[in-house]
Amino acid sequence: MSRNSPSHHSSPQLNASLERNISSLLERRRRMAAKASLQDRLAARISDFAGSMIFVYIHILLFGGWILINVGLLPVIRAWDPSLVVLAMVASVEAIFLSTFVLINQNRMAAADAERAELDLQINLLNEHETTKLITLVDAIARQLGVETMADDEVEELKRDVSPETVLDRLEQSSAKR
């Protein structure tokens, strides 16, 4: 691959606009994290820990030891749960709480995803509007210069602004027919 190709830049620096956008997004993440409630932060930390290999190793040791001791394979202390009913109850209660913490964390993440999707939609609509204006401007320049293209019929269609409400209405109508 050529060092001067579009996919490889010799300079590791990003352009100023991209740097500003990255900084803005990171600052927003910091503000959102600082604004999160104690319960949300706690649920996120517990979910993060429960999804780690350390959590798995701790459970292998604790539950494995519990089982080995209580079935008599590791007679270091006297068995306290030979039928393993208490272990099953502990594991069930833990599963209830862990799944609740994971759901809380997923709800928080889904809300953040919805905000990002809304931002994406707004940017896409702005981009669509700007592109339409650029097509109109380029078409006007081409007409002024007397340049004819085979795509003149297409250009007229592309110069029309897209109405998000119309698109959403059409999608709703299509979904309702199913």
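The values are calculated or read from the model by the stated rules, or taken from the named source; none is laboratory data. Small disclaimer: the values here were computed from a predicted structure and weren't measured. With ligands, DNA and RNA removed, areas are computed over all heavy atoms of the protein, side chains included. Shrake-Rupley method; radii C 1.70, N 1.55, O 1.52, S 1.80 Å.
The spacing between region 22-49 and region 113-178, judged by their C-alpha centroids, is 36 Å. Counting pairs of alpha carbon atoms under 8 Å apart in space and at least six apart in sequence, what relative contact order in percent does region 24-114 give? Relative contact order of region 24-114: 34 percent. Region 39-86 gives an Rg/Rh value of 1.19, both radii derived from C-alpha positions and Rh following Kirkwood.
Computed from the alpha carbon positions, the gyration tensor of region 90-151 leads to an equivalent ellipsoid with semi-axes of 56, 10, 4 Å, biggest first. Using a Gaussian network model of the chain in which every pair of alpha carbons under 10 angstrom is joined by a spring, one finds that among MET32, MET150, MET89 the greatest mean-square fluctuation is at MET150. The GNM of the chain, with springs linking C-alpha atoms under 10 angstrom apart, assigns the highest mean-square fluctuation among ASN124, ASN105, ASN21 to ASN21. Expressed as a whole percent, the proportion of Cα-Cα pairs in region 34-115 lying more than 22 Å apart is 42%. Looking at region 1-134, the accessible area is 80 square angstrom per residue; that uses a 1.4 Å probe and ignores ligands, DNA and RNA.
D by Stokes-Einstein for region 128-178, Kirkwood Rh over Cα pairs, 4 °C, 1.567 mPa s: 101 µm²/s. By the Kirkwood approach, averaging reciprocal distances over each pair of separate Cα atoms, the chain gets a hydrodynamic radius of 23.6 Å.
Here the relative contact order of the chain, from alpha carbon pairs under 8 Å that lie six or more residues apart, stands at 16 percent.
For region 19-178, with all protein chains in place and a probe radius of 1.4 Å, 64% of the accessible heavy-atom surface sits on carbon or sulfur.
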